[in-house]
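Below is one structure; the comments refer to it alone.
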Amino acid sequence: MATTQAQRKMIVFPSKNELSEAMAKYTANLSDKFCKEKGIFTVVLSGGDLIDWLCKLVQPPYLNSIDWSKWHVFWVDERVCSWDDPDSNYKLAIDGFLSKVPIPNKNIHAIDKHYAANGNAEHCAGLYEECLRNLVKEKIIPISPNTGYPQFDLQLLGMGPDGHMASLFPGHPQINVRDKWVTHITDSPKPPPRRITFTLPVINSASYNLMAVCDKEQGHAVAEIMKHNNMSLPSAHLSAQVETVWYLDQAATSML
Ligand SMILES: O=C1O[C@H](COP(=O)(O)O)[C@@H](O)[C@H](O)[C@H]1O
């Protein structure tokens, strides 16, 4: 079932399996489009359950048909910990997805290894922003003519039961930051406390934003956003330059 609100297109799938299949197809189609148009595909990952739902991308027909050499991979948020810590979104993506596809190492743009291990969130945010600014200079990432912030091709996002996206949490000031591309938090309500995150204007400057939400646990936040447009939930602010699409499984719509 597909419905469209002002800014949000919502598609409900019977189960995670169908959602994963659709997400792989959506990603593969955009990869083809952007690789043909500009020879580069910039993809931003989140952590959490999303990585599991990318499983279909590492299977035929996508595994062999996607031009992985053109991919550049980023993280919308990252936990400030060592790369091999079980909390690391980098580790999660490497283990569950990136180690299974031939993306050149130099195109995987992770949080700084040394400073992440040292736990300095502010410094890690500054360094990640510097990394993005260098890639803008190298013309890997364009600046959106509409917003003035970096414009990624596709972001694959997830939402926590409290309505957070990336590491923008309800009631925390990071959602209002506009003078940075990447900011930090040291008191995240979800552990671990120290994280870096893209700011909202960067998130909303992406061409395509796909928000994938499964499970009953998220049902209340889904209803607050879809039925009541409750803007106190960070995920309610999600938009994109071309398309914002919410992929939900049946369980996540239990309160709609
Ligand atoms: O902490 C985080 O949570 C969100 C949502 O994760 P999920 O496990 O509820 O799917 C995730 O999108 C974000 O990247 C991560 O750092």
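Here is a check on your reading of the model: is SER235 in a loop (DSSP other than H, G, I, E, B) and crowded, with 24+ Cβ neighbours inside 10 Å?
The answer is no for SER235.
Out of LYS36, LYS16, LYS91, I need the residue that is open to solvent by 40 Å² or more (accessible area, probe 1.4 Å), among the charged types (D, E, K, R) and away from the ligand (no atom under 16 Å from the Cβ). Which one?
Of LYS36, LYS16, LYS91, the one residue that is open to solvent by 40 Å² or more (accessible area, probe 1.4 Å), among the charged types (D, E, K, R) and away from the ligand (no atom under 16 Å from the Cβ) is LYS36.
Going residue by residue through the stretch 204-214, is there one that turns out to be among the aliphatic types (A, V, I, L, M), in a loop (DSSP other than H, G, I, E, B) and closer than 17 Å to VAL76 by Cα?
Yes: one or more hits.
Given the conditions (1) closer than 13 Å to ALA212 by Cβ; (2) surrounded by 16 or more Cβ atoms within 10 Å (Cβ to Cβ); (3) not hydroxyl-bearing (Ser, Thr, Tyr), report the number of the one that ASP52 does not fulfil.
Answer for ASP52: the failing condition is (2).
Keeping to the stretch 173-221, report how many residues are open to solvent by less than 40 Å² (accessible area, probe 1.4 Å) and either under 20 Å from HIS123 (Cα atoms) or aromatic (Phe, Trp, Tyr) (or both).
17
Give me the pairs, please: first residue somewhere in the stretch 215-226 and within 21 Å of SER20 (Cβ to Cβ), second residue anywhere and open to solvent by 40 Å² or more (accessible area, probe 1.4 Å) and modelled with pLDDT under 95, beta-carbon distance under 9 Å, and either six or more positions apart or on two chains.
Within 9 Å, the pairs are GLY219/LEU256; VAL222/LEU256.
Taking the stretch 94-118, which residues are farther than 20 Å from ALA24 by Cα and either in contact with a Pro (Cβ under 8 Å, 6 or more places away or on another chain) or within 16 Å of the ligand (Cβ to nearest atom) (or both)?
Scanning the stretch 94-118 gives HIS109, ALA110, ILE111, ALA116.
Testing ASP153 on (1) acidic (Asp, Glu); (2) open to solvent by less than 10 Å² (accessible area, probe 1.4 Å); (3) more than 19 Å from VAL73 (Cα to Cα), one condition comes back false. Which one is that?
Only one criterion is unmet by ASP153, namely (3).
The values are calculated or read from the model by the stated rules, or taken from the named source; none is laboratory data. Because the structure is a prediction, the values reported are computed rather than measured. Neighbour counts are summed over all protein chains in view; Cβ atoms, including those assigned to glycine, are modelled from backbone coordinates with ideal geometry. Surface areas here come from the heavy atoms of the whole protein model, side chains and all, with no ligands, DNA or RNA. Shrake-Rupley method; radii C 1.70, N 1.55, O 1.52, S 1.80 Å.
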